[in-house]
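Contents: one structure, followed by commentary.
The values are calculated or read from the model by the stated rules, or taken from the named source; none is laboratory data. Keep in mind that what you see is a predicted model, and the values were worked out from it rather than measured. Counting neighbours? That spans all protein chains shown, and the Cβs are built from the backbone with ideal geometry, glycine included. The area values use the complete protein model at the heavy-atom level, side chains included, leaving out ligands, DNA and RNA. Shrake-Rupley method; radii C 1.70, N 1.55, O 1.52, S 1.80 Å.
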Amino acid sequence: MKVVQFLPSLEPGVAATLALEFANELVKKGHESLVISAGGPMEARFRLHGSEHIKFPAIRESAWSLRHVSRLRRVLTQLQPDIVHTYGRSTAFLAWRALRRAPTTNRPKLVPLVDQYFSNSYFNKGLAAGDGIIATSYGVAEHLNKSIARPVEKSMEIIYRGINTREFDREKPVASQWQLKLLNSYPQLEGKNWWLMPGVISAGGGHEAFLQMLAQIVGQRDDIHGVVVGSPVENDLRYLKKLEALAQDLNLGGKVTFLGERRDMRELYASSQLVFHLAGERDESGKYAKEALAMGRPVIAYADGCAGEVLQNHFPDGLVQRGDTKALIESTLGLLGRSNSLNPQDFGYASAAEKTIDFFRRVLN
């Protein structure tokens, strides 16, 4: 199978990382992997692992990008792929315009990846026009159907984003030097059971619910310490200051620590007793829930986001209805001392790639 992935650029980020890991899996399984993009720092990594890169002008969500339709049609005619897999709304729209008049006998199948809650837009036509569509959660799929003029008639597959299970390896021990360095910086964590709340700090992040739950429990137990990890959205410190003030109002001084952005998430997961994923309903990836589950940690998440979908399939004991503080406390206390024995590979890039390739085969047939 010859697969072209089409994305705006290869700048470091979620899309380029997912495309790279999928390209690597394609090559490992004997398929031909090609990438069309404006290039970027990650381009060499694609070539290193056997993918071919075709340089293309940067694509933006603008009518001005339509001037590249003919060029893209020529490139795809020359490459003759079986599948064109797009990332983002603008690339899906351009690929649809380039392919829609191609002869059906040798026209590649268009399979957009929908991984965001896109607003209503004319550019959604490209997403809806795919021969098959991959959505990263049921919530994203449902929203796509609501944001276009007509419901999607083609096959839509739910494939959750993979994570790097090489990085989140539960078998690798936590270095004593790491723990010593962290405790030297944050001595209030020593001897405590850490309840970890990772994620971007924003009004929809669920941090207020986490602090309110924590305040009701720490009054009864002095062995608990809340650990909030993440940076404010768009570096807006106002909401972070609001959370810090709320923590003081809830008498959580010395009971919760804001660590900011961290690159040692594997160690933090491994050292935590519980992990909370309380993001808003429009959580697209459930990233932190999957990472924590891969590390063997019990996870508590609201049922109406992508993290809730992940838990429904893998760890339903951690599901809580949004806004039910009593249930949140009960579930939290009920999971103390628990771990999970899930297979970390269920959440990995390889598993997501295998499901994607199987879907491509069904679309082709």
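Are any residues in the stretch 324-343 without any contact (Cβ under 8 Å) to a residue 40 or more places away in the chain and open to solvent by less than 70 Å² (accessible area, probe 1.4 Å), and if so, which ones?
Hits for the stretch 324-343 are D324, A327, S331, G334.
I'd like the full set of residues that are free of Cβ contacts under 8 Å to residues at least 60 places away in the same chain, over 13 Å from the mean Cα position of the chain (by Cα) and within 17 Å of V14 (Cα to Cα), limited to the stretch 112-136.
Result: P112, F118.
Read through the list (1) surrounded by 24 or more Cβ atoms within 10 Å (Cβ to Cβ); (2) in contact with a Leu (Cβ under 8 Å, 6 or more places away or on another chain); (3) among the small types (G, A, S), then give the number of the only condition that S272 fails.
(1)
To keep it simple, each residue is scored yes or no on (1) among the aromatic types (F, W, Y); (2) in a helix (DSSP H, G or I); (3) buried (at least 21 other Cβ atoms within 10 Å of the Cβ).
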{"site": "V4", "(1), (2), (3)": "no, no, yes"}
{"site": "L26", "(1), (2), (3)": "no, yes, yes"}
{"site": "G30", "(1), (2), (3)": "no, no, no"}
{"site": "S33", "(1), (2), (3)": "no, no, yes"}
{"site": "R47", "(1), (2), (3)": "no, yes, no"}
{"site": "G50", "(1), (2), (3)": "no, no, no"}
{"site": "I59", "(1), (2), (3)": "no, no, yes"}
{"site": "R73", "(1), (2), (3)": "no, yes, no"}
{"site": "T77", "(1), (2), (3)": "no, yes, no"}
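Regarding I329, is this residue modelled with pLDDT under 95 and not in a loop (DSSP other than H, G, I, E, B)?
It is true that I329 is modelled with pLDDT under 95 and not in a loop (DSSP other than H, G, I, E, B).
Select, from V228, V256, the only residue that is touching a Phe, Trp or Tyr at 6+ places or on another chain (Cβ under 7 Å) and of a type in the set (A, V, I, L, M, F, W, C).
Criteria check complete, one pass: V228.
Can you tell me which residue within the stretch 179-202, out of those that are open to solvent by 50 Å² or more (accessible area, probe 1.4 Å) and assigned to a loop (DSSP other than H, G, I, E, B), is nearest to A279 (Cα to Cα)?
It comes out as V200.
Being surrounded by fewer than 24 Cβ atoms within 10 Å (Cβ to Cβ) and not in a helix (DSSP H, G or I) is the filter here, so list the residues in the stretch 299-319 that pass it.
Scanning the stretch 299-319 gives A303, D304, F315, L319.
With the condition kept exactly as written, say whether any residue in the stretch 139-152 is surrounded by fewer than 21 Cβ atoms within 10 Å (Cβ to Cβ), assigned to a loop (DSSP other than H, G, I, E, B), of a type in the set (S, T, N, Q) and without any contact (Cβ under 8 Å) to a residue 40 or more places away in the chain.
Yes, there is a match, as at least one residue in the stretch 139-152 is surrounded by fewer than 21 Cβ atoms within 10 Å (Cβ to Cβ), assigned to a loop (DSSP other than H, G, I, E, B), of a type in the set (S, T, N, Q) and without any contact (Cβ under 8 Å) to a residue 40 or more places away in the chain.
Give the residue that is modelled with the lowest pLDDT, with candidates limited to residues of the stretch 138-194 that are within 26 Å of L20 (Cβ to Cβ) and of a type in the set (A, V, I, L, M, F, W, C).
In this case the residue turns out to be L144.
Do you know which residues across the stretch 10-24 are open to solvent by 40 Å² or more (accessible area, probe 1.4 Å) and outside any helix (DSSP H, G or I)?
Hits for the stretch 10-24 are E11, P12.
List the residue pairs whose Cβ atoms are under 9 Å apart, where the first residue sits in the stretch 281-292 and is over 10 Å from C306 (Cα atoms), the second is of a type in the set (A, V, I, L, M) and in a loop (DSSP other than H, G, I, E, B), and the two are 6 or more positions apart or on different chains.
From residues that are over 10 Å from C306 (Cα atoms), the pairs are Y288/A279.
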